[in-house]
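Take a look at the structure below.
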Amino acid sequence: MTNNKTQVSFKNSYRSDRIFQVTLSTAAYLLLVLLVGILITLVLGSIPTIKSHGFNFAFDKVWNPIMEEFGALPFIIGTLLTSLIALAISFPVSMSISLFLGEYFKKGSISSLFSNILELLAGIPSVIYGFTALFFIVPIIRWIEIKLGIPAIGLGIMTASIVLAVMIIPYAASIAREVLKLTPNDLKEGGYALGATRYELIRYITFPQARSGIMAGTLLAFGRALGETMAVTMVIGNANVIPKNIFDPANTMASIIANEFSEASSDLHMAALIEIGLLLFLITAFFNIIGKLYIKRLAKK
Amino acid sequence: MKLIKSSLLVLSSAFLIASCGGSDKQNTQKESSNDISILGAGSSFGFPIYSKVFSEYHNATGAKVNYQSIGSSGGIKQLTSKKVDFGGTDKFLTDEDIQKIGAPIVHIPTCIGAIALAYNLEGNPQINLSPEVLSAMYLGKITQWNDPKIQAINPDAKLPNQKITVVHRSDGSGTSYNYTLYLSRVNPEWESSVGTGASVKWPTGVGGKGNEGIAGIIQQTPGSIGYVELVYAMQTGLKYASIQNAAGNFITPSLEATKNSANIDLPADSRIYIINSEATDAYPISSFTWAILYKEQNYNGRTKEQATALVKALWWLTHQGQEFCEPLDYVRLPNPAVQVAEKALLSITFDGQALLTEAPTWQAKK
């Protein structure tokens, strides 16, 4: 009885609360509508190539707009390869940074200085990363290529991966830092009480505690690498073929769209680019879902 | 809270009144015809010269023309969907294209562009290239700088034993269209295996985005060669090659040599590629850039004033405006081309009536 009564009064006196809630949920549902809207637009836009090329679109190796042959495989490979290599390069670095800031220097001027630098790095426009890479990383890669005795162009998968690695470090590192900070103090004190060294503490207590958070940060960084366009376009060499080694020029899905969309004159060419967008959307969603499932499983443990 | 609200109200109404006053003032100051604004979009090649000319046009006559650089294909699309008054393009519309649009389109040549082959070689030698050698490089058949075929046409140059890095545009562009058109004209193998287009399947090489992307790669890569707009090569200080023209002469690209390429018989509708021009002193890789518009201007409820303003603006661009070309490293139209442009502009109609019957006049700006 009393419960009922309070509910009624709640309803009457907090009408503004109700309006507030409706506003919030509308905004949230709008997000869902937006997502579905994007998906529908992409599917509708790519119908011409889905009709003419079918499933072969994702597995064909040839991209020739004049002959209207459209195969997305070189771009799918380019995208996955650059993102994976970038992840492999950035992971040890971002972990070190996050331990440094989340475990060793949690407070104080050094910590705030480095945290600010990290945020600054995340905010730099990608075209600036691209330029910097063109003038500093490309010559280094070319020097390595000369040493290895392969064609020394300096532009290619490896250069793009290094740029991507630098670009995604701030994302992975700042999330990992936050979760490392969350390790309960009593656990750590318990560890020290048992005579653990600092390294052992990190190895056996902090890391296992933070694993799901680190994984989430890594996935976010990977997603960012998959979709990065400008910086990659500037250094990957934009060759629409499957790379034979990791120094070869190649191209990514986001980059081919940015390159060819504005001058795609035939309808089929346009549809092919939109279908690449659709595939990129699906690939990003796939890795996100896999990541979420993995995190859930870890959290249960 | 109430105080804030009421003060906001006062403020905003003050703005409203102020802005009304402003526009009133404008109306009385200017002729009503000067309030018409012409909108154009398309070729990024033409953008620098169009913005300069139309800004001078505004200063001289008070008329407003707004041009957006969105690429040739974009310009054609915007004109087709009737969102702009005129489009800018580096490739002309074929009869088939025009048939698809469903209404006659008039091409007005506005200036001439050339494509230079820029390169990065040790010791900066000036090199000559023949169409055969150039197309073989882009087909991936000549891969070393000291290839005997290159040496044969450069007897004095010291060519390094270095791999040739071929650079092309990665983004679809009118420049690529004209360059691949040139390669198709001079080499049947290129025509059959690659073809002509804004984006093609390049047999070899790396891609740079935009002229600046190609220039960046060339500056960075010893042994590289790539094509850029001549304006761009001149202004960035890149070294560029002399190309053998149809008459067999090696011509260093320059404004003069580019202009010479248009010294041929032009068709009345100006739809011709002057690439690989027959003229003996012509640089071979050059092309007109055009403004395109509907021949019959009464569509989509347009006013006659709007149509007249458009034709007058394009007249100014192809006449008085030409003097701004050379200071910006653009090639001005030779006289025969100006005459072709004139005839084309005189043919523009509104309800079947010609909009201009002679050179237009402008009232002095008030």
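Write down the Kirkwood hydrodynamic radius of the stretch A:200-256, to one decimal in angstroms, obtained as one divided by the mean of 1/r over all alpha carbon pairs.
Numbers: mean 1/r = 0.0725 Å⁻¹.
Taking every pair of different Cα atoms in the stretch A:200-256, averaging 1/r and inverting gives 13.8 Å.
Taking N as the number of residues in the stretch B:259-366, what is its alpha-carbon radius of gyration divided by 2.2 N^0.38 Å? All intermediate terms of the calculation are to be shown ahead of the outcome.
Details: Rg = 15.6 Å, N = 108, 2.2 N^0.38 = 13.0 Å.
Computed over Cα atoms of the stretch B:259-366, the ratio equals 1.20.
Given chain B, what percent of its DSSP beta bridges are antiparallel, to the nearest 5? Could you put the intermediate results ahead of the total?
On the way: 26 of 44 bridges.
Antiparallel bridges make up about 60 percent of those DSSP assigns within chain B.
Based on the alpha-carbon gyration tensor of chain A and its eigenvalue square roots a ≥ b ≥ c, which shape applies: rounded if a/c is under 1.5, prolate if not and a/b is larger than b/c, or oblate? Before the final figure, lay out the partial values.
Details: a/c = 2.39, a/b = 1.22, b/c = 1.95.
Cα axes put chain A in the oblate bin.
Report the extension gain between A:Val93 and A:Ile50 in nm, rounded to one decimal, defined as 0.36 nm multiplied by the number of residues separating them, less their alpha carbon distance. All intermediate terms of the calculation are to be shown ahead of the outcome.
Numbers: separation 43, 0.36 × 43 = 15.48 nm, distance 4.16 nm.
Separation in residues times 0.36 nm, less the Cα-Cα distance, equals 11.3 nm.
Taking the Cα atoms of the stretch A:25-147, report the difference between the largest and smallest coordinate on each principal axis, in whole Å and largest first.
61, 59, 23
With both partners inside the protein assembly as shown, how many of the DSSP beta bridges are antiparallel, as a percent to the nearest 5?
60
Can you give me the distance in nm between label points at A:Ala28 and B:Glu212, each placed 7 Å from the Cα along the Cα-to-Cβ direction?
Modelled inter-label distance: 4.4 nm.
I need to check one value: relative contact order of the stretch B:158-199, counting alpha carbon pairs closer than 8 Å and at least 6 residues apart, in percent. Walk me through the intermediate numbers first.
Values: 31 pairs, mean separation 17.4, N = 42.
This gives 41 percent for the stretch B:158-199.
B:Lys201: which aspartates and glutamates have alpha carbons under 13 Å from its alpha carbon, excluding same-chain residues fewer than 8 sequence positions away?
Excluding near neighbours in sequence, the set is A:Glu68, A:Glu69, A:Glu260, B:Asp171, B:Glu191.
Suppose a student asked you for the relative contact order of the stretch B:300-357, using Cα pairs under 8 Å spaced at least 6 residues apart; what percent would you report? Write down the numbers at each step before the final one.
Numbers: 34 pairs, mean separation 20.8, N = 58.
Taking the mean separation of contacting Cα pairs over the length of the stretch B:300-357, I get 36 percent.
Under 17 Å between alpha carbons, and skipping anything fewer than 8 positions from B:Lys163 in its own chain: which aspartates and glutamates qualify?
A:Glu145, A:Asp248, B:Glu122, B:Asp147
How large are Rg and Dmax for chain B when only the alpha carbon atoms are used, in Å?
When restricted to Cα atoms, chain B yields Rg and Dmax of 24.1, 87 Å.
Quick one: give the max-minus-min coordinate of the C-alpha atoms of the protein assembly as shown along each principal axis, largest first, in Å.
That gives 94, 76, 52 Å along the principal axes, largest extent first.
Please give the residues of the stretch B:300-323, grouped as numeric ranges, whose backbone N is less than 15 Å from a label point set 7 Å along the Cα-to-Cβ vector of B:Ala60.
Counting only backbone N, you get B:311-323.
Determine ³J(HN,Hα), in whole Hz, for all residues of the stretch B:287-300 in sequence, where each value follows from phi through the Karplus function 6.51 cos²θ - 1.76 cosθ + 1.60 and θ = phi - 60°; x replaces Gly and Pro.
Running phi through 6.51 cos²θ - 1.76 cosθ + 1.60 with θ = phi - 60° gives 7, 5, 10, 10, 9, 10, 8, 6, 5, 9, 8, 7, 9, 6 Hz.
Give the Cα extents of the stretch B:112-217 along the principal axes, in whole Å, largest first.
Rounded to whole Å, the extents work out to 36, 30, 27 Å.
Spelling out what I want: for every residue of the stretch A:158-174, take phi, set θ = phi - 60°, compute 6.51 cos²θ - 1.76 cosθ + 1.60 (Karplus), and round to whole Hz; glycine and proline get x.
Going residue by residue, I get 5, 4, 4, 5, 5, 4, 4, 4, 4, 5, 8, 3, x, 5, 5, 5, 6 Hz, with x marking Gly and Pro.
If the elastic network links every pair of Cα atoms under 10 Å, which of A:Leu87, A:Leu282, A:Leu34 fluctuates the most in the Gaussian network model of chain A?
With Cα springs under 10 Å in chain A, the top fluctuation among A:Leu87, A:Leu282, A:Leu34 is at A:Leu34.
What residues have an amide H closer than 5 Å to that of B:His168, excluding those fewer than 5 places away on the same chain, when H is modeled at 1.01 Å from N in the peptide plane?
B:Val206, B:Gly207, B:Gly208
Does anyone have the angle between helix B:210-220 and the longest principal axis of chain B? Alpha-carbon axes, 0 to 90°, nearest 10?
That works out to roughly 40 degrees.
What do you get for Rg/Rh of the stretch A:138-288 when both radii come from the Cα atoms and Rh is the Kirkwood radius? Present the calculation step by step, with values, prior to reporting the outcome.
Values: Rg = 21.2 Å, Rh = 18.4 Å.
My calculation of the ratio gives 1.15.
Which pairs in the list A:Lys61/B:Lys100; B:Lys91/B:Lys239; A:Lys106/A:Lys296 are over 30 Å apart, alpha-carbon to alpha-carbon? Don't skip to the answer; put the middle values down first.
Numbers: A:Lys61/B:Lys100 32 Å; B:Lys91/B:Lys239 27 Å; A:Lys106/A:Lys296 28 Å.
Distance filter (> 30 Å) returns A:Lys61/B:Lys100.
For B:Lys52 and B:Ser193, what is the calculated FRET efficiency with R₀ set at 45 Å and r taken between the beta-carbons, to the nearest 0.05?
Numbers: r = 40 Å, r/R0 = 0.90.
Efficiency, from the Cβ-Cβ distance: 0.65.
Each value in this text was obtained by applying a stated rule to the coordinates, not by laboratory testing. Remember, predicted model here, so these are calculated numbers, not experimental data. Every residue, glycine as well, gets a Cβ built from its backbone with ideal geometry; the counts of neighbours run over all protein chains shown.
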